[in-house]
Structure formats: structure tokens, C-alpha cells
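Have a look at the structure below before the remarks.
The values are calculated or read from the model by the stated rules, or taken from the named source; none is laboratory data. These numbers were taken from a predicted model, which means no experiment stands behind them. Here the Cβ is made from the backbone with ideal geometry for all residues, glycine too, and neighbour counts use every protein chain on show.
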Amino acid sequence: MRGKVLGAAMVGHAVESYDFVIYGASATIIARHFFPNTNPTLAILSTLAVYGLAFVVRPLGAAVFGSIGDRLGRRTALSAVVLIMAVSTAAIAVLPGYATAGAVAPLLLLCCRLAQGVSMGAEYTSAASYVMEQAPAHRRGLWVSAVNSATFVGSAFAALALLALQLLSPEAYADWTWRLAFAFGGVMALVGLYMRLRLEETATFRALESRGEVAVSPVRDTFRNWRLFLLLFAIFALLAVVVHNLLGYFPTYLATTGGLPDGTVLTAGVVALLLCAATCVLTGVLVDRFGRKPLLVVGVVLAVVGSVPAYLLAGGGTLLTTLAAEILLVLPAAVIGMSATIIAVEIVPPHIRVTSTALAYNTAYAVFGGTAPVLGALLTAWFGRLAPGAYITVLAVVALVVVVVAIPETRNRAVAEPDPVENDEESEVLRGVR
């Protein structure tokens, strides 16, 4: 039972992060294939802008598929999003380039990315909600950590795939074999669909159905709980910046500003991401033992103290300094991601759990995650190579205040409790969210 649940939940989220790393790490190649080559800088910025636009539609996907998860069941939402993900990811592998289709090429690329963005709107939080509701009460953190670790496992697998393709033939990779990476992502998503169709619905959702408590309008109910929405948005905003600076911008930064060869960038990335996946699981064990909030504080502090040094080390020009820089970014990403996710799915009432967490998560990612690569490039150009690290530090300081003042502890909270914040004495911010 455990392996079936965790495997099906992990594979979809692994494909999500796999796709974003493939796109981010291949940005310079995609720019050459899908945009005019008269201005290489503009072509790269356009490619990163398409990356960001996929985030703009994620709140739409969160509203649609989050509502499906709360009205028709978690399993239904999980199956629907991974199907769309499979089709849109595989489609990029066969799109015509600018030399063949002209201005139609970037439009087709944008359509695929928008479809991916919609499908991803409820992927992560649906998977986390499903796993948390299926997990034993004393192992909820550990089980959810498997979903969170899939972010970094998928990212590491993407880096390995790109590294293998480059080692086989750098010329072929720049010409056409980069498309194979997207094709394989589509195949992985289809495997995920097969696994998810074999899942059973959670007992929590079945109980809501039997009591007639399924939400009629989960989106409306989410915004009635606007204080809770804003709190979740705040903790996910920092996560979005850290993760998508790491996955979406840092490879380009290392190659352009750091002057490192692609092989060095990918090798350091694989090692750091696998370490981060292990850190997610360790964090899952620790949040079950010591609580969610203490680990979230640790993660935010790591972001405060490590972000500027990470960008400083990134200019060292060696594999060792690059690996150290990657580790300084992946550790807060792992600890914040794990602890924030388990808090989010535990704190929200079950009848709007998928919708509320999906909307908060994806709105934060649309505002802060999708803009991270472009903003990182602009900050570097305007203020120097340490500016992206300083940006993360400032946001982390703000997030630290929010976490200390407003975030409650949720370790002992029942997942089906009708109003998990009603009597919470830890945070006046959360009073009256219903």
C-alpha cells in the first residue's frame, strides 16, 4: 500500500521538476531553435519569459484541478493533471523550430508551456494532500517528504539525462537530441497516469462524501478564508524564489556569468540535487519528531545566511566551488519545501484542502517563481553577480518574521478536523479564517 501510494504521487511531481530543469538548463539551445538569432541576449530573455509565462496560468490550473480534487476526489485530480502533463511535455519534442515555422514556432512553444503550467497548477499540492491523508498520523512528515524529494530526484534525473546526451555528442545535442529529453518526460508522465488510475480514493474524502460535506465552491470558500490563504502564500513565496533560482536560473548563471562548461554545471547540479532529496527525507523524519515549525525556521535561516555566499562561490570557476554554491541553495530549498508543505496540507480544512493549498502555492509561484529566472538575469545585469543572492536574502528575512510570528505548529493536528485553526492560540493572524 505504502509503495503504491508514494510511487504514484512521486512520479508526477518528479516529471514536473524534470521538465522545468530540462527547459531551464537547455534555455540557450531552445533560444537558438525557437527565436530569431539576430540578438542572442534577447532570444535567451524570450526563452526565459516563456518559462515564466507557464507560471502565470498555474493559478488557473489550481482553481480548476484543485476544485476537482475537493469535489470529485484527490485521485481524479491527480490523474487529470498528469495526463495533460504527458501530452504537453512530449509535444515539445516534435515542435518545428524558427527556421522551419518562423513566428509560429515560439507560439507553439508557448502553448505547450501554458498547458504544462495549467496541469502543474494542482500537481504538487494534490499529491501532498493525497499522501498526507493516506499516511499514519505519526509518519505524515516522512510520507510527504517522499513527494517533496521527488522535486529534486526529478531534477537530478533531468541533469543526468542532459549530461548523457551531451557526452554522447555535443553537436547532436545542440542540434536535435535535446528533444529526446522532452520525449522521455512525456513517457514518464504516461507511466504516472497508469499508476494513478490504480489508486484508491482517500478515507478523508470518502468521509466528506458520506457526511455530505464536500465543498460546493472550493474556490469561494478558499477566499473566505483569506487570512489563511495569505499565510500560505507568504511561506510558499520564499520557497518559489529559492527553488526556481536554483532550477530555472542558476544553470544559466553558472554558464554565462561563471563561465563554466555545461558538463561541470550539470555534474555539480546532480550531486547537489541528490543530496537535497536525501535532506528532504531527513527533514521528514525530523518534523515528525520535533515538529514542523522549528524545521521551517531552520530552513529560512539557511536561506538568510547562505544565499549571497552561494552566488559568491558560483564565480569560483571550479567544480568544487560550484558544488558548494549549489549546496548552499539546495539545503534551504529542501528544508523549507518539506516543512512548509506538511504545514500547509495539515492546516487547511479537509473540504478545501486541495484548492486552498494549490491556489496559495501556485499564486506564489506565479508571482515569485516564474519571475525568478528573468529577474535573476536582470538583477545580475543591473547590479552585479551577487544581486540575486541579496534578493533571496531580503525575502528570507521577511519570511522569517512571518514564520516566527504567525505560523502555528500542526504536528498533532487531525487531518479530518473540521476547523483546524479555530482554537489555535499560537497565532492571532489565523483567527476568523472561516
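For E200, the conditions (1) in contact with a Lys or Arg (Cβ under 8 Å, 6 or more places away or on another chain); (2) over 30 Å from L295 (Cβ atoms); (3) buried (at least 19 other Cβ atoms within 10 Å of the Cβ) are fulfilled apart from (3). Got at least one residue in the stretch 104-124 being in contact with a His (Cβ under 7 Å, 6 or more places away or on another chain) and closer than 26 Å to P59 by Cα? Yes, that holds for at least one residue. Report whether or not Y361 is more than 15 Å from A128 (Cα to Cα), in contact (Cβ under 8 Å) with a residue 60 or more places away in the chain and assigned to a helix (DSSP H, G or I). Judged against the criteria, Y361 is not a match. Restricting the first member to the stretch 338-350 and to residues that are in a helix (DSSP H, G or I), and the second to residues that are modelled with pLDDT of 90 or more and basic (K, R), the beta-carbon pairs closer than 7 Å and six or more apart or on different chains are S339/R292; I342/R140; I342/R292; I343/R292; V345/R353. Residues in the stretch 213-232 that are of a type in the set (G, A, S) and crowded, with 16+ Cβ neighbours inside 10 Å: A215 alone.
When residues in the stretch 328-377 are screened for being under 24 Å from A268 (Cα atoms) and not β-branched (V, I, T), 15 of them pass. Based on what the data block shows, is S149 out of contact with any Phe, Trp or Tyr (no Cβ under 9 Å at 6 or more places or on another chain) and either surrounded by fewer than 24 Cβ atoms within 10 Å (Cβ to Cβ) or among the aromatic types (F, W, Y) (or both)? In short, no.
Among the residues of the stretch 278-296, those identified as without any contact (Cβ under 8 Å) to a residue 24 or more places away in the chain and not hydrophobic (A, V, I, L, M, F, W, C) are R289, P294. Which ones in the stretch 402-427 are among the polar types (S, T, N, Q) and modelled with pLDDT of 75 or more? Within the stretch 402-427, T410, N412 meet the criteria.
Please work out if G299 is small (G, A, S), touching a residue at least 24 places away in the same chain (Cβ under 8 Å) and closer than 24 Å to A164 by Cα. Considered against the rule, which asks whether it is small (G, A, S), touching a residue at least 24 places away in the same chain (Cβ under 8 Å) and closer than 24 Å to A164 by Cα, G299 comes out as no. In the stretch 306-321, the qualifying residues are those that are assigned to a helix (DSSP H, G or I) and of a type in the set (G, A, S), and the one that is nearest to Y391 (Cα to Cα) is S307.
I want to confirm something. Restricting to the stretch 364-401 and keeping residues that are β-branched (V, I, T) and surrounded by fewer than 21 Cβ atoms within 10 Å (Cβ to Cβ), which single residue is modelled with the lowest pLDDT? Among residues in the stretch 364-401 that are β-branched (V, I, T) and surrounded by fewer than 21 Cβ atoms within 10 Å (Cβ to Cβ), the one modelled with the lowest pLDDT is V374.
Looking at this structure, is P96 over 30 Å from A207 (Cα atoms) and surrounded by fewer than 24 Cβ atoms within 10 Å (Cβ to Cβ)? When the stated conditions are applied, P96 passes them.
What residue, of L247, L254, L260, L275, is at pLDDT below 90, aliphatic (A, V, I, L, M), within 18 Å of V153 (Cβ to Cβ) and surrounded by 23 or more Cβ atoms within 10 Å (Cβ to Cβ)?
After applying the criteria, what remains is L247.
The criterion of at least 3 residues that are acidic (D, E) and farther than 19 Å from L193 by Cα is met by none of the helices (runs of 4 or more DSSP H) wholly inside the stretch 21-102.
Looking at this structure, is L168 surrounded by fewer than 21 Cβ atoms within 10 Å (Cβ to Cβ) and closer than 22 Å to V270 by Cα? The answer is yes for L168. With respect to the conditions (1) touching a helix residue (DSSP H, G or I) at 6+ places or on another chain (Cβ under 7 Å); (2) surrounded by fewer than 18 Cβ atoms within 10 Å (Cβ to Cβ); (3) under 24 Å from V345 (Cβ atoms), I84 lacks only one, and its number is (2). Of the candidates R75, R58, the single residue that is surrounded by 24 or more Cβ atoms within 10 Å (Cβ to Cβ) and of a type in the set (K, R) is R58.
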